[in-house]
1. Anything in region 25-38 that is within 17 Å of Glu100 (Cα to Cα) and crowded, with 21+ Cβ neighbours inside 10 Å? List them, or say none.
2. I need the full set of residues from region 64-84 which are polar (S, T, N, Q), in contact (Cβ under 8 Å) with a residue 12 or more places away in the chain and either part of a helix (DSSP H, G or I) or farther than 25 Å from Glu102 by Cβ (or both), in order please.
3. What is the one condition in (1) within 25 Å of Met24 (Cβ to Cβ); (2) touching a residue at least 60 places away in the same chain (Cβ under 8 Å) that Ser98 does not satisfy?
4. Just one of (1) of a type outside the set (S, T, N, Q); (2) assigned to a helix (DSSP H, G or I); (3) closer than 21 Å to Lys20 by Cα trips up Val114, so point out which.
5. Of the numbered conditions (1) of a type outside the set (D, E, K, R); (2) part of a loop (DSSP other than H, G, I, E, B); (3) under 17 Å from Glu29 (Cα atoms), Phe87 fails exactly one; give the number of that condition.
6. Testing His96 on (1) surrounded by 14 or more Cβ atoms within 10 Å (Cβ to Cβ); (2) within 25 Å of Met1 (Cβ to Cβ), one condition comes back false. Which one is that?
7. On the basis of being in contact with a Phe, Trp or Tyr (Cβ under 9 Å, 6 or more places away or on another chain), surrounded by 14 or more Cβ atoms within 10 Å (Cβ to Cβ), touching a residue at least 12 places away in the same chain (Cβ under 8 Å) and closer than 29 Å to Leu127 by Cα, does Val16 make the cut?
8. For Asp116, are the conditions met, namely being of a type in the set (Asp, Glu), touching an Asp or Glu at 6+ places or on another chain (Cβ under 6 Å) and in contact (Cβ under 8 Å) with a residue 60 or more places away in the chain?
Amino acid sequence: MLIGEYTSKVGEKKRVSLPKKFRMELGDEIILTRGYEDALIIVNKKLWKTIASEVINGSFIDKNIRDTSRFLVGGAKEIQLDSQGRFVVPQSLFEHASLEDEIVFIGLVNWIEVWDKTKWEERLGYLKDNSDKIADEISKMSKEKNG
């Protein structure tokens with residue numbers, strides 16, 4: 001299971017080191033793509049195939065499906081890890097996430113988010129300040145779904 005929070009430095013040529021625990025869980029075939037709220041997403045190839053098929057199986061006539069495809073699939077890159085678990089973040093993804101000197105890897109069970117450390121601290125502050133509202137919204141959605 002992909003869980004935990006790990007901080008890492010960005011090295012020369014935009015090289016970062018994927019935490020060992022995550023490498024062991026993901027395996028060698030890894031996809032990096034744009035995420036929401038200015039983060040990046042890392043998944044293994046098996047989960048990526050599921051995500052891609054869900055997006056692709058929607059109707060291309062639907063604007064939201066086209067936009068989701070452009071956002072998630074269009075920005076995706078297969079990542080090669082070196083022997084020390086490092087990889088280079090492509091320029092377009094580096095810019096999307098506004099990465100600087102330090103990054104944070106956040107394990108979210110099935111995927112990993114990669115955040116610029118400063119942006120993650122801001123987001124974490126937002127989550128702390130709004131946790132009650134977020135919980136209420138999730139509760140409402142659950143009631144509607146089971147309704």
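Rule-based calculations on the coordinates, nothing more; no lab input. Source: prediction; values computed, not measured. Every residue, glycine as well, gets a Cβ built from its backbone with ideal geometry; the counts of neighbours run over all protein chains shown.
1. As a first pass, look at region 25-38 and keep what is within 17 Å of Glu100 (Cα to Cα): 34-35, 37-38.
Hit for region 25-38 is Gly35, nothing else.
2. Thr68, Ser69
3. (1)
4. With (1) of a type outside the set (S, T, N, Q); (2) assigned to a helix (DSSP H, G or I); (3) closer than 21 Å to Lys20 by Cα applied to Val114, the lone miss is (2).
5. Of everything listed in (1) of a type outside the set (D, E, K, R); (2) part of a loop (DSSP other than H, G, I, E, B); (3) under 17 Å from Glu29 (Cα atoms), Phe87 misses just condition (2).
6. Of (1) surrounded by 14 or more Cβ atoms within 10 Å (Cβ to Cβ); (2) within 25 Å of Met1 (Cβ to Cβ), only one is false for His96: (2).
7. On the way: in contact with a Phe, Trp or Tyr (Cβ under 9 Å, 6 or more places away or on another chain): yes; surrounded by 14 or more Cβ atoms within 10 Å (Cβ to Cβ): yes; touching a residue at least 12 places away in the same chain (Cβ under 8 Å): yes; closer than 29 Å to Leu127 by Cα: yes.
Judged against the criteria, Val16 is a match.
8. On the way: of a type in the set (Asp, Glu): yes; touching an Asp or Glu at 6+ places or on another chain (Cβ under 6 Å): yes; in contact (Cβ under 8 Å) with a residue 60 or more places away in the chain: yes.
Yes.
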